[in-house]
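Please treat every number below as a calculation from the coordinates, not as lab data. Everything numeric here is computed off the predicted structure, so don't read it as measured data. Cβ: placed from backbone, ideal geometry, glycine included. Neighbour counts: every protein chain shown.
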DNA sequence: CCTTTATGTAACTTGATGGTTATAGATAAC
DNA sequence: GTTATCTATAACCATCAAGTTACATAAAGG
């Protein structure tokens, strides 16, 4: 994954509205109106966020009638995870213990 | 991990200079002069980047004589990885296969 | 076609970001 | 205490980012 792409992906993830959009899209594809309803900002603002996410490769979009459905794309998330994982030796996590790390992180969240 | 903290961490990671600083610090602690020598920008610019990394919790700093050593802190990296890992089910990776995913990502990099 | 619905685009405001140069501050050495 | 070294801060500039409102565009349906 190129540095340019990492700039775009981490930059896209640096905004909480965009992270919330991704979380929503992880459940189901959604159109712009659906997403706008989730926040207290205007529709053009959401369209801008979607553009950022699309340029980062984090979502794809296709027309469905008059609507455009946004669809979460996993590849950049995987790549970003891979980049972070390069530091796993530094933080003392072995490969085969990452699974348990993730489980515990998940538990702490609820 | 709070949304505020995720803003700071992903925001810090969104800059390639800061990512390079982290990569350098993963090998060994370094002072401001060391880090400045790695790039084509001024020392104050590096100091600014270090401040951003520190506020994100990604590094800590302590004085050593007239120098200040920067030290990589793993926790936020771990947390960010955990956040991304919440999407692993979406991209179809089971917990116990993440280790192999990371290995393959690593192989592709070289 | 004309209208409605859904979305994109343009123009603008405001504040943050990333860099610069010049200068101030902290510590060690003499 | 003066000096040298290392780092931080201040002031400034240019650009980008995130939001707004107003308007343009695309597709579907009477």
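Look at the stretch A:68-81: the mean tally of other chain Cβ atoms within 10 Å of its residues' Cβ atoms is 4. Look at where the Cα atoms of region B:11-79 and of region A:28-66 average out, and the two centres are 35 Å apart.
Per residue of peptide B:6-18, the mean number of Cβ atoms on other chains within 10 Å of the residue Cβ is 5. Remark: label point of residue B:17 defined 7 Å out from Cα along the Cα-Cβ vector; separations to the same position in other copies 2.7 nm, ascending. In nanometers and ordered shortest first, the copy-to-copy spacing of the residue B:48 label point, defined 7 Å from Cα toward Cβ, is 2.2.
Label-point distances for residue A:65 to the equivalent site in the other copies, using a point 7 angstrom along Cα→C-beta, read 7.2 nm when ranked shortest first.
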